[in-house]
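K.L.:
Got a structure for you, written out below as structure tokens; questions coming shortly.
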Amino acid sequence: MTMDIFTPMEKILVVGSSGQIGTELVAELRKQFGQTNVVASDLKPADADQLALGPYEQLDALDKDRLFAVVKQHGITQIYLLAALLSATAEKNPMFAWKLNMESLFHVLELAREKHIKKIYWPSSIAVFGTTTPQENTPQFTVIEPATVYGISKQAGERWCEWYFHKHGVDTRSLRYPGLIGWKSAPGGGTTDYAVHIYHEALKSRKYTSFLKQGTTLPMMYMPDAIRATIQIMESPAEKIKIRGAYNLAGMSFAPEEIAASIQKHIPDFQISYAPDFRQAIADSWPKSIDDTEARNHWGWKPEFDLEKMTTDMLVNLKNLYAKV
Ligand code: NAD
Ligand code: AKB
């Protein structure tokens, strides 16, 4: 893959850096681009460990003046905006979810329109799709009628990113992430969170009650693939990014009983049971699998992890983690 040359003048701000994705993204960005070139920021105050790892600013993404001040103070050229309410939390607090998910995006888009920053990464989600979308191999361009507040905010965000690109030349890049699974950080209130919890419970108690029922197949991805895709789309030459809404991105697809079976290969006495709740309706409105042909063709995306490879890696790393505490 061809990468843009990353000049020492580039400085990255990650907004919402203490969450599931931010924790891993900041670490990888610092590895690739230098510790002091990546500023982490979140609503939460940093703990001593975070402060030791590199620059950190406590920042509310809804506070445009403070965001601007941080951009100026650090000479920021790129923002990765991760602050948001996810699908399950957003359904419980729809008005605030709309405010946070949209206003934070507008603040960053406006900073770019005013030429204070050069490039924006803002994640979309498979939640843009709804019940009227074809659920198998969901194509890039299809019916998009999301059934959740979260999905509506992602759909609107995609349209605004494209509008700012065409109208104002703002360099926006975005991926429709599937459900993300990793061992380094906890998920933050989504419908796909069960696929992280299940590994922890398998190791701790040998049993897990899934809030999604048997047969609920959803698109998922292991975090190392997601982080690689994120940095890859941001570092690709601008002319390769032909979609300025958001790209479909696929890793793997599975239902709760399939992830349980893959865990049972390592932990034979692991048991799964089912107690579906309000998140079932959200999951039922989403695709089962994603066609990411455009991401593969335009900027060379290719996933590395399938379910079995992910399960092996998750269990090894979580076992080590639990052995230390
Ligand atoms: P998360 O909930 O784990 O993390 C979000 C972080 O944002 C948290 O640390 C939170 O403290 C912070 N935050 C909340 N309000 C803030 C504010 N006002 N100002 C600054 N920080 C604030 O979420 P995540 O899973 O890391 O997701 C990041 C982004 O990726 C979101 O836009 C989400 O919609 C998208 N996404 C995630 C997934 C997934 O499976 N994790 C899938 C699709 C899309
Ligand atoms: C959620 O479940 O809300 C997220 C997502 C797929 O956007 N993991």
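K.L.:
Taking the Cβ-Cβ separation of Arg206 and Arg113 as r and a Förster radius of 45 Å, what is the calculated FRET efficiency to the nearest 0.05?
P.N.:
0.25
K.L.:
Averaged over all directions, how much area does the convex hull of the C-alpha atoms of the chain cover when projected, in nm²?
P.N.:
Its average projected convex-hull area is 15.7 nm².
K.L.:
Now for a separate question. By how many degrees, 0 to 90 and rounded to 10, does the Cα axis of helix 223-235 deviate from the longest principal axis of the chain?
P.N.:
That helix lies at roughly 20 degrees to the long axis.
K.L.:
Continuing with this model, one more query. Taking just the alpha carbons, could you work out the radius of gyration and Dmax for the stretch 6-45, both in angstroms?
P.N.:
10.0, 30
K.L.:
Working out 0.36 nm times the residue gap between Ala156 and Lys324, then minus their Cα-Cα distance, what length gain in nm do you get to one decimal?
P.N.:
56.1 nm
K.L.:
Which ordering of Arg279, Arg296, Arg159 is given by a fewest-first count of other beta-carbon atoms within 10 Å?
P.N.:
With the sparsest Cβ surroundings first, the list reads Arg159, Arg296, Arg279.
K.L.:
List the lysines whose Cα sits under 16 Å from the Cα of Lys242, skipping any in the same chain fewer than 8 residues away.
P.N.:
Output for Lys242: Lys119, Lys167.
K.L.:
Also, I was wondering about something else. Which entries in Lys72/Lys302; Lys64/Lys319; Lys11/Lys240; Lys11/Lys324 show an alpha-carbon gap greater than 31 Å?
P.N.:
Correct reply: Lys72/Lys302; Lys64/Lys319; Lys11/Lys324.
K.L.:
Within the stretch 51-90, find all residues whose amide N lies under 20 Å from a label point positioned 7 Å from the Cα of Ala238 along Cα-to-beta-carbon.
P.N.:
76-81
K.L.:
Quick one: work out the % antiparallel among DSSP beta bridges in the chain, nearest 5.
P.N.:
10
Just so you know, all these numbers are worked out from the coordinates, no wet-lab data involved. All figures in this text were calculated on a predicted structure; none of them were measured in a lab. No Cβ is skipped: glycine too gets one built from the backbone with ideal geometry, and neighbour counts run over all protein chains shown.
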